[in-house]
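A short worksheet on the structure shown next.
The values are calculated or read from the model by the stated rules, or taken from the named source; none is laboratory data. Everything numeric here is computed off the predicted structure, so don't read it as measured data. Methodologically, a virtual Cβ is constructed for each residue, glycine included, from the backbone with ideal geometry; neighbour enumeration extends over all protein chains shown.
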Ligand code: GLU
């Protein structure tokens, strides 16, 4: 297997959401393919016709696209390959690696009871029947599994996992209506797609044993297995709704950046020394499936927030402007064209404190407000004659300044000195007047974010209010 170029794949079932565990599986497959110069493919496992809607498939495409983990080839749809799955079942029959089982429902039930009483798995009497015994009634096709010895799943993450063959019943490949079962479809598709490495959640570890037997029945190369531990919540329990989020789209909605998610998800079960923050290029260079740890990974919101803040501070401002504008629009804020450059000017001044895009949007609300601003009670209470007089003099002082943070900082400082008061005497009132009580950066930053006209306008509005 090792001489073939690596082909990995993600094989999600479209269930209506894309679980964060699927995203991590996609990332590890993607990293391993990139690391080895191989290919990363995608298959939509849409054989459950009730759950598989076009919308559910779209959710997966959107999730992978958002994460920046798109496949190298168009997706394969499993349901469309039913004929091929049947064909392989026929071939297994022809090779004597499978058989037709004509047990009726009652017979099967009786055998089940018996097997349970005898502490063994179900065995069909048709396993060793000759083809001319075949009656004219419905049948299932079963794999003729070895009954002795063991099946080894040599897993890159879990190590050597041994399954006693006597504990594996003869897996159904085709049901009485001729539809292929899940394990058959997965093996046929992975084989036909040339998949060399099956990297997936460890809830599929038992399937790996059964799938190995199908590969062997066909005389096909068994892929390299790597079963990843599940992602748990911060409390160690299986990740569920109460942990805050499970779906990729929820992380997007909560304002996490895809590059932060990639960095974070890479760290869930894998790592490179103590490195917390790394680029895609570094992850690709360092990633090896052998280094994935077998213990469940726990979601850690504080770490995710820390990474997200890092990437928000690094991101291109134009991109952050678009994303911030989208958050505001999503909150029904009617943005005007002219707001976009204002947002772009504000973002560098406020992003250091933002852990998510929602927080970044919160931090930019003050610039979007329209004059005249509604002022909070607290600010109104500060606007006595003394403060008004001072703000009016400050207005005249700053009006002639360069509108930069350093010039304005300097101007405010020397104004306070000239007035013989601390900035605390007028700063809070100024802040309230400029921000309307919304979060805002320091005074000079707030003035720069708003721009000169808007700043002076907001000051004038407040000063012309009747006391
Ligand atoms: N469709 C399976 C799932 O969503 C994945 C199967 C596989 O990766 O082999 O859990």
| task | Could you please find all residues in the stretch 412-430 being surrounded by fewer than 22 Cβ atoms within 10 Å (Cβ to Cβ) and in contact (Cβ under 8 Å) with a residue 40 or more places away in the chain? | result | 428
| remark: If we ask which residues in the stretch 35-47 are away from the ligand (no atom under 14 Å from the Cβ) and surrounded by 21 or more Cβ atoms within 10 Å (Cβ to Cβ), their number turns out to be 0
| query | So which residues in the stretch 217-231 are away from the ligand (no atom under 11 Å from the Cβ) and within 15 Å of residue 162 (Cβ to Cβ)? | reply | 222
| Pair list, Cβ < 8 Å and 6+ apart or interchain, from the stretch 184-203 residues that are at positive phi to residues that are more than 9 Å from the ligand (Cβ to nearest atom) | 194/4; 194/7
| query | Looking at the stretch 189-202, which of its residues are more than 9 Å from the ligand (Cβ to nearest atom) and under 21 Å from the mean Cα position of the chain (by Cα)? | reply | 202
| message | Take residue 284 and tell me if it is out of contact with any strand residue (DSSP E or B) (no Cβ under 8 Å at 6 or more places or on another chain), at pLDDT 95 or above and crowded, with 16+ Cβ neighbours inside 10 Å. | response | yes
| remark: Those residues of the stretch 7-27 which are over 18 Å from residue 54 (Cβ atoms) and either more than 8 Å from the ligand (Cβ to nearest atom) or surrounded by fewer than 22 Cβ atoms within 10 Å (Cβ to Cβ) (or both) amount to 7, 8, 19, 20, 21, 23, 24, 26, 27
| message | Show me the strands (runs of 3 or more DSSP E) entirely contained within the stretch 98-188 in which 1 or more residues are touching a helix residue (DSSP H, G or I) at 6+ places or on another chain (Cβ under 8 Å), farther than 25 Å from residue 221 by Cα and more than 16 Å from the ligand (Cβ to nearest atom). | response | 98-101
| said: If the requirement is being out of contact with any helix residue (DSSP H, G or I) (no Cβ under 8 Å at 6 or more places or on another chain) and closer than 24 Å to residue 234 by Cα, which of these qualifies: 329, 298, 319? | reply: 298
| message | Every residue in the stretch 126-166 that is modelled with pLDDT under 95 and either exposed (fewer than 12 other Cβ atoms within 10 Å of the Cβ) or within 36 Å of the chain's Cα centre (by Cα) (or both), please. | response | 128, 130, 131, 132, 133, 135, 136, 137
| query | Does the stretch 1-60 hold any residues that are modelled with pLDDT of 95 or more and on the phi > 0 side of the Ramachandran plot, and which are they? | reply | 37
| field | Test: residue in the stretch 182-196 that is over 21 Å from residue 41 (Cβ atoms) and touching a strand residue (DSSP E or B) at 6+ places or on another chain (Cβ under 7 Å) | value | no
| query | Being within 27 Å of residue 357 (Cα to Cα) and surrounded by 18 or more Cβ atoms within 10 Å (Cβ to Cβ), is that true of even one residue in the stretch 211-232? | reply | yes
